[in-house]
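Trainee: This is the structure I want to talk about, given as structure tokens.
Laboratory data are not the source of any read-out in this text; all were calculated from the coordinates shown. Just so we're clear, the structure is a prediction, and the values are computed from it rather than from any experiment. Glycine also receives a Cβ, built like all others from the backbone with ideal geometry; neighbour counts cover every protein chain displayed.
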Amino acid sequence: MRKSQENEAADPGRRDMLRTAGAVMAAAGTALAAPASAQAVSGQGVNGMSPAARNAGPLGARLQGVQHFGLTVQNMERAYEFYTEVLGGTEVFRHGDFQGDIVHNTLLADQDIRANELGVNPRTIGVPDLRDGAQRLDVRFIQFDNVVIELLQYRDADQPMGGPRAFAEPVQHMSPAFPRMMHICFHIRDDVDFNKFITDLEAESARRGMMQVRANRIIRVNTEAERRAAPQSANTNKVTVAPSDGWELIYCKGPEGEQLEFVKAIGPVKQRFANTLAARQRATR
């Protein structure tokens, strides 16, 4: 529960956490930073570029890439089980009970402004009250080979961490055609049988009661029964038209209703990505 001002004064660690909690959203990025010895030699920064030159350069030259994708969930334990036990991610750390003015302003100021413009209570448009602690935020970071997924849950203060009840109701219409919709794409290894992967993913998820984990088929189906009855060969869309030739993909919903994609990138399309990455790395050096 929220500490009183007296307790916060006696607990400077807690006080500092509340004042700087916005930084937690990028905390996992510290693992990606280059060693200090490689960053500063005779005033030079990474790849021989001085900090002054980098800070005056293009925005893209100041990035290290994508550090994580965030997913706000309804049921934290269910989502955590899927991304760690089903898909095999590894927890980096978890942190939670975030509240306070700085946290609220960092994450939700634009939504407060929008509520004021509409003349409505922020709760009616799904804005929690982290400022006064009526709601709290918990996060868990899950590491995969080349990217991190952050699970976030906004909950009422009287609900336990990791519980099944989020502060706001989940969005019901999850079509990927809606503007602002995003998806998480997982890269399947080249030697994996993609059709079997999808079959096994659905079966393992169903065994755990995650009935929303359902992959689309490449043939037309009109009912859930028809989708389930489709042959395994209908799982994977194999693209043969340039410049996407070599893509194999499927769209799939996750346990929270989130949009997922699973892909293989082989042959020509794999080489196009490799060539572009190599050219980018040469340019940034």
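Trainee: Enumerate the calculated ³J(HN,Hα) couplings along segment 264-278 in order (Karplus 6.51 cos²θ - 1.76 cosθ + 1.60, θ = phi - 60°), each rounded to whole Hz, writing x wherever the residue is Gly or Pro.
Mentor: Along segment 264-278, the couplings run 10, 10, 10, x, x, 5, 4, 5, 5, 5, 4, 5, 5, 4, 4 Hz.
Trainee: For segment 173-285, what is the relative contact order in percent, using Cα pairs closer than 8 Å and at least 6 residues apart in sequence? Walk me through the numbers before you get to the answer.
Mentor: Values: 148 pairs, mean separation 32.6, N = 113.
Dividing the mean separation by the residue count of segment 173-285 yields 29 percent.
Trainee: Still on this structure: Is any residue of segment 123-137 close enough, with backbone N under 14 Å, to a label point placed 7 angstrom from the Cα of R165 along the Cα-Cβ axis, and if so, which?
Mentor: Zone members listed by number: 135-136.
Trainee: Could you derive backbone 3J(HN,Hα) for segment 110-119 from the dihedral phi with the Karplus parameters 6.51, -1.76 and 1.60 (θ = phi - 60°), listing whole Hz in sequence and x where the residue is Gly or Pro?
Mentor: 5, 6, 5, 4, 5, 4, 5, 5, 7, x
Trainee: Using 1/(1 + (r/R0)^6) with R0 = 35 angstrom and r between the beta carbons of R228 and I266, what's the FRET efficiency to the nearest 0.05? Mind showing how you got there, number by number?
Mentor: Details: r = 28 Å, r/R0 = 0.80.
Efficiency, from the Cβ-Cβ distance: 0.80.
Trainee: Under 17 Å from the Cα of K264, which aspartates and glutamates turn up, not counting those fewer than eight places away in the same chain?
Mentor: Within reach: D145, D190, D191, D193, D200, D245, E248.
Trainee: Which distance in Å, rounded to a whole number, links the C-alpha centroids of segment 86-105 and segment 200-257?
Mentor: What the calculation gives is 30 Å, centre to centre.
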